[in-house]
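Novice: First the structure, which I've put down as structure tokens, then a few questions once you've had a look.
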Amino acid sequence: MDAQSGDALGRPVSTPTRPAAPPAFHRPVRLDWWLSGRYHSPSTQGTRAYLLFMLRELSSVVVALFLVFYLVQIARLSSGQGAYDAFVATLRSPVVVLFHLIALASAIYHAVTWWQLNGVVMVVRLGSSTVPPRQLVLGGYVLWAIASIGVCLILVGF
């Protein structure tokens with residue numbers, strides 16, 4: 001007996017039919033929807049804030065690309081003098097200089113927004129009181145400045 005023609009006793013089995021599912025609705029969305037000004041949400045407080053958020057996320061991609069570029073530089077350095085000299089010659093290209101300037105601006109923007117975010121999400125308790133967010137942000141900027149000055153002093157040779 002064929003398993004599809006009946007049950008264990010040989011009686012015909014009818015398969016219940018389901019109604020067809022309605023087609024899924026996909027609202028057409030333009031690629032530049034986040035620039036349009038129509039998107040408002042309590043979490044983003046409008047388009048400008050969302051644009052700044054997207055720029056912050058994009059800045060991390062640019063910094064990651066810079067780090068890949070830096071790893072290539074280290075690889076060329078380990079390949080010998082000729083390979084490194086050829087790489088240094090490409091560093092003088094206006095496109096590469098522009099990329100480095102964009103990477104620097106992205107790193108600064110990402111760091112500034114990071115310290116601002118820390119003041120919002122981090123709660124530091126001292127006894128029964130908490131440190132105000134503004135002081136946390138200011139402390140982050142002071143630490144950043146001290147670290148930057150320290151790196152500059154190391155690079156200069158003090």
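FYI, it's all coordinate maths here, none of it is from the lab. The structure presented is a predicted model; accordingly, all values stated were derived computationally and were not measured. Neighbour counts run over all protein chains shown; Cβ positions are idealised from the backbone, glycine included.
Novice: In terms of modelled amide H atoms, which long-range or inter-chain residues lie less than 5 Å from the amide H of V124?
Specialist: Under 5 Å from the amide H of V124: V131.
Novice: How long are the three semi-axes of the equivalent ellipsoid for segment 59-138, computed from the Cα gyration tensor as the root of 5 times each eigenvalue, in whole Å, largest first?
Specialist: Numbers: eigenvalues 328, 39, 13 Å².
Here the semi-axes work out to 41, 14, 8 Å.
Novice: Just rank L136, L77, fewest to most, by other beta-carbon atoms within 10 angstrom. Could you put the intermediate results ahead of the total?
Specialist: Values: L136 20, L77 13.
If I rank by nearby Cβ atoms, fewest first, I get L77, L136.
Novice: Turning to a different aspect of this structure: Per DSSP H run of n ≥ 4, the term is -39500 (n - 2.57); total these for the chain, divide by its residue number, and report the mean residue ellipticity at 222 nm rounded to 500 deg cm²/dmol. Don't jump to the answer; show the numbers that get you there.
Specialist: Working: 4 runs with 96 residues, N = 158.
That calculation yields -21500 deg cm²/dmol at 222 nm.
Novice: Which label belongs to the value computed from this structure, given these candidates for Cα extents along the principal axes in Å: [x] 44, 35, 31; [y] 95, 60, 39; [z] 40, 35, 30?
Specialist: Of the labelled values, this structure produces [y].
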